[in-house]
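The values are calculated or read from the model by the stated rules, or taken from the named source; none is laboratory data. Keep in mind it's a predicted model, so treat the numbers as computed, not measured. Ligands, DNA and RNA are excluded from the accessible area calculation, which covers all protein heavy atoms including side chains. Shrake-Rupley method; radii C 1.70, N 1.55, O 1.52, S 1.80 Å.
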Amino acid sequence: VEHLARLLSDLQDKMFQAGMEAQSSFDYVLTSDYAVLLAEEFGRKPIVNDEAAFDLYPPPPHPNVASLPTRPPVVTIMGHVDHGKTTLLDTLRSSSVAKGEVGGITQHIGAFSVPVPSASGAAGPQSITFLDTPGHAAFSAMRARGAQVTDIIVLVVAADDGIMPQTREVIELIKKDREKVGVVVAINKIDKPGCDVDALQKALLVEDIHLEDLGGDTPSVEVSGLTGKGLPELVETLSLIAEIQDLRAEPDGAVFGYVLESKVVKGLGAIATVLVLRGCLKPGSHVLSGVHHAKVRMMQDSNGKSVKAASPGMAVTVSGWKSLPSAGDEVLQGTESEIKKAIANRQRKADIEASLLDIEAINSNRQKERERRQAEAETTGEELQLPKEETPTGPKELRLLIKADVSGSAEAVEGALQGIGNHLAVTKVISSSVGDILESDVMMAKAVGGMIVGFSVSSSRPVETLAAQHDVPIAMSDIIYRLMEDVRARVIKLLPVII
Ligand code: GDP
């Protein structure tokens, strides 16, 4: 390493000349662009260390997907509370265990696999992977990040209860993702006397779900999670949809997947369920998730059976993590040194982002202060005066009203926005609910002096007009990062003026 060998004041002078006043305080981390610029100003020829910018990314799309083998579909069961999701999953899981080894201890790992009887058509998948926690937080978090994990959604509706609020939530979600996900309606609890399936089918039609039985395009199956009736038909229908979707993936090579769940277990340390979507995960592989590294030690399926290789569509618990990864984060494979470099880089980026927040704040505040003083000088013709120092009284708050399409994503958005800010200005979630943005939300935001954040929801012209009249900001997007950027920018504006 060659040092610049200059006094700090020299460096600061140069920075001032280069228009970098805001960064010229002594304790700022320079971005590499600025550092290069300054080194050149001092007549040096800097070499940028690209190693420091190293990261791992998902493998590029395969050039000939049609040549790859098929993989099992990943299925999520959704629906209103008490409509029988858990019971359905339990029955599906135990039916798969009965066919497998006797005495296997089923454990909840976030997903399990059900074999498809070979009679159901040779071209279809040999098994189906069910994500096993309905309304899974990780699922919502993944969706909110734009990651698509589920191939097929099973919408469970209890025949004795009909369409309920969360049923509508799922229908809204299905409509948005219609091109990307398959859908089956499971009309559940048909063992109950007096179920009116016809009425339910018509009610679904009103919600724009056209069942095949009524000449539409959405398959439905009448089931009872309790007795197991109709479950073979459900599995067969899922297998047919998967066959049409023609899901294929690389059976070997670098792994790409997602963390479904993670926890610390006595004796094993951090373990995580990894859903593999591409490549093959094996003991000894090095994987990265967020800033967490694992050398895969042990892999198990949901029956507690040790697994030697996890191929696409399979979910396995993985031990060997050096720290606990987060549900919903990507999993990527690399060499040990690649992963170490990527983690260092990801951590450095996070640090820089935090310090940029400060730099941006100071910059924008200085600019505003300059403009203010200039305007003042122009109107009064007086000499510029230094402003009095502000005395801060606790952090300022950006109050947020969150609206989202489903409760799971409301939670995910809340989680993402809550962390934004520093000791001088922070976000505070006032409320978080499901549904489009209404006039009442605007009035509520006005009352608390806050803003509205909408994820995958819409508003109307009158609502927007009302918001404009009352100076209530609205941020809307289908992408959580956009909302984070918007909120971050507003938090920065709240920071006190530092001169
Ligand atoms: P979830 O909230 O959607 O996961 O619903 P659960 O699986 O917890 O079921 C809610 C209630 O409905 C429980 O008391 C179950 O025993 C009952 N239940 C679930 N499936 C059936 C079914 O197919 N038939 C009948 N009769 N009851 C069911």
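Numbers at a glance
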| item | result |
| --- | --- |
| Built amide H within the under 5 Å cut-off of Val331, gap 5+ | Gly257, Tyr258, Val259 |
| The stretch 421-499: relative contact order in percent, alpha carbon pairs under 8 Å with at least 6 residues between | 34 |
| The stretch 292-331: mean projected area of Cα convex hull, nm² | 3.1 |
| Amide H contacts under 5 Å for Val426, placed H, 5+ residues apart | Lys396, Glu397, Leu398 |
| Members of Lys229/Lys305; Lys175/Lys202; Lys175/Lys446 lying beyond 25 Å, as alpha-carbon distances in this model show | Lys229/Lys305; Lys175/Lys446 |
| Apportionment of accessible area to carbon and sulfur, the stretch 140-227, percent (1.4 Å) | 46 |
| Fraction of accessible area attributable to carbon and sulfur, the stretch 266-378 (%, probe 1.4 Å) | 52 |
| Three-way shape call for the stretch 261-323 based on the alpha-carbon gyration tensor, with the a/c threshold at 1.5 | oblate |
| The stretch 179-292, relative contact order in percent, only Cα pairs under 8 angstrom and at least six apart counted | 19 |
